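Input: a single structure, listed below in structure tokens.
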Amino acid sequence: MAKTENSETQSKRLPTINEAHPMEHYPKLSNVEKEKGLTTATPEIANRRALNEVKINNQQISDVPIQGPVTAKPILKVRREESDLMYVTLKKRRIYHDSIESQKSQHSLDTAEIPKIQWEDLDTPEMNDVCMVAEYSNEIFTFLYQHELELLPSHNYLLDNSSKYFIRPSMRAILVDWLVEVHDKFQCYPETLFLAINIMDRFLSQNKVSMNKLQLLAITSLFVAAKFEEVHLPKLSEYSYITDGAASKTEIKNAEMFMLTSLGFSLGYPNPMNFLRRISKADSYNFETRNIAKCILEFSICYHSFITLKPSLLSTMAMYLARRIVNADQVLWNETLRHYSGGIDPLLDETFQSYCKELISEIYCPKTKLPALILKFKTPRCHSVYFRIHKWCGKQLTEKFDGLFDMS
């Protein structure tokens with residue numbers, strides 16, 4: 001019985017490699033192949049052609065002439081060369097400041113002598129302050145300087161008697177002064193007031209508005225500006241209530257849609273407060289100077305002759321006059337202030353000087369009445385800066401602006 005099982009197991013066993021492919025069926029190796037250490041060739045290898053029998057360009061390898069020693073080609077680098085990297089670095093938009101090492105390498109490649117920067121870099125020390133977004137400051141203000149002329153009134157409709165949109169400066173002064181009072185009651189940001197006045201002036205420069213709709217225009221301008229600037233907004237019913245029935249909620253909503261359509265929904269006005277804060281950085285954020293500058297800036301925004309002037313120019317005027325009031329006997333402008341004001345030099349710019357003199361005259365002897373604005377800056381909440389400013393302006397007029405723009 002055991003013999004029978006062994007015989008069945010042998011019959012079921014698979015054949016080995018030597019049994020399946022007997023060695024005598026393989027071709028014999030030549031003596032040269034034996035010297036190279038080759039053993040018996042398999043059928044697949046035996047059927048292959050030798051390397052020198054393969055044709056290249058219809059020629060045998062042995063017939064192809066060999067030119068010089070055969071060397072391996074260098075492996076191409078994935079990383080680009082230094083010059084290519086430098087080109088990409090210069091071409092890309094710099095969002096983050098490059099590292100010190102990259103700046104040193106760029107400086108070494110530039111053989112020309114670079115003049116020393118005379119203004120002080122005040123953005124880099126604030127790099128760790130996320131609220132200051134110092135890494136974006138240059139790009140942000142470059143954009144604002146380029147677009148501040150695009151969102152100004154097309155012309156001064158208050159001085160052009162031939163314009164079909166002409167209204168008297170005294171009428172605008174009533175609207176602006178009322179806006180100042182309402183804005184103060186709502187306790188909104190200064191940016192909201194400046195944007196509201198800008199929206200109203202832009203609309204009036206290209207649309208004819210009847211007398212009985214001017215208050216609706218003013219309150220709707222404030223309503224739109226608060227939506228754009230504020231976090232906690234007054235309710236629509238409050239806007240309607242403060243007009244004492246002159247504008248209903250439905251009228252404000254309808255006027256809002258008509259005004260936004262007329263202005264092309266362009267509300268990204270480069271606000272003067274942004275430029276004032278920028279210059280205040282070069283003033284070491286002096287609290288006293290900035291409060292006086294805010295008052296002067298608000299007067300310049302409300303002044304009817306300045307509605308077509310750039311916001312950055314008005315902010316620089318306010319800061320320069322404020323520094324004159326606070327630091328009467330010191331050097332008032334340097335290269336750092338010039339840089340952070342957008343390149344304005346009050347000591348050499350005659351147009352700037354004429355605007356400053358006109359603003360001083362307007363603050364001391366206003367052509368239009370702005371009682372709410374004056375009362376606002378007489379209060380202790382605004383540090384009663386109006387008295388100091390008014391007194392200084394009167395002194396300048398008495399002295400005929402002597403020494404106002406002299407280096408001291």
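The values are calculated or read from the model by the stated rules, or taken from the named source; none is laboratory data. This is a predicted model, so every value here is computed, not measured. Don't worry about glycine lacking a Cβ; one is built from the backbone with ideal geometry, like all the others, and counts go over all protein chains shown.
List of remarks:
- Members of region 128-161 found to be surrounded by fewer than 14 Cβ atoms within 10 Å (Cβ to Cβ), not in a helix (DSSP H, G or I) and not β-branched (Val, Ile, Thr), listed by number: Asn128, Asp129, Cys131, Leu149, Glu150, Ser154, Leu159, Asp160, Asn161
- The residues listed here are Ser284, Ser312, Ser305; of these, the one that is within 20 Å of Gly343 (Cβ to Cβ) and either among the small types (Gly, Ala, Ser) or in contact with a Cys (Cβ under 9 Å, 6 or more places away or on another chain) (or both) is Ser312.
- Looking only at region 286-312, and only at residues there that are under 27 Å from the mean Cα position of the chain (by Cα) and β-branched (Val, Ile, Thr), the one that is farthest from Leu179 (Cα to Cα): Thr289
- Once region 170-193 is narrowed to residues that are within 19 Å of Pro272 (Cα to Cα) and of a type in the set (A, V, I, L, M), the residue that is nearest to the chain's Cα centre (by Cα) is Leu193.
- Tabulated pairs, region 108-133, first over 18 Å from Tyr285 (Cβ atoms), second modelled with pLDDT of 85 or more, C-beta under 7 angstrom, 6+ apart or interchain: Gln118/Glu335
- Qualifying residue in region 392-407 (condition: farther than 30 Å from Met171 by Cα, buried (at least 17 other Cβ atoms within 10 Å of the Cβ) and under 33 Å from the mean Cα position of the chain (by Cα)): yes
- Per-region count, region 178-215, residues under 22 Å from Ile374 (Cβ atoms), surrounded by fewer than 19 Cβ atoms within 10 Å (Cβ to Cβ) and among the charged types (D, E, K, R): 4
- Summed over region 216-243, the residues that are surrounded by fewer than 19 Cβ atoms within 10 Å (Cβ to Cβ) and either part of a helix (DSSP H, G or I) or free of Cβ contacts under 8 Å to residues at least 24 places away in the same chain (or both) give a count of 11.
- The set of residues in region 125-166 being of a type in the set (Phe, Trp, Tyr) and at pLDDT 90 or above consists of Phe141, Phe143, Tyr145, Tyr157, Tyr165, Phe166.
- Applying a threshold of 6 Å to beta carbon distances and a minimum spacing of six or more residues, or different chains, the list of pairs starting in region 342-361 at a residue that is closer than 18 Å to Gln396 by Cα and ending at one that is in a loop (DSSP other than H, G, I, E, B) and modelled with pLDDT under 90 reads Pro346/Trp333; Leu347/Trp333; Leu347/Phe405; Gln353/Phe405.
- Some residue of region 113-124 being under 30 Å from Tyr239 (Cα atoms), at pLDDT below 95 and not in a helix (DSSP H, G or I): no
- Just one of (1) over 36 Å from the mean Cα position of the chain (by Cα); (2) farther than 24 Å from Ser305 by Cα fails for Tyr340. It is (1).
- Some residue of region 266-288 being without any contact (Cβ under 8 Å) to a residue 60 or more places away in the chain, outside any helix (DSSP H, G or I) and crowded, with 17+ Cβ neighbours inside 10 Å: yes
- Among the conditions (1) under 16 Å from Tyr386 (Cα atoms); (2) surrounded by fewer than 16 Cβ atoms within 10 Å (Cβ to Cβ); (3) touching a residue at least 40 places away in the same chain (Cβ under 8 Å), the only one that Met319 does not satisfy is (2).
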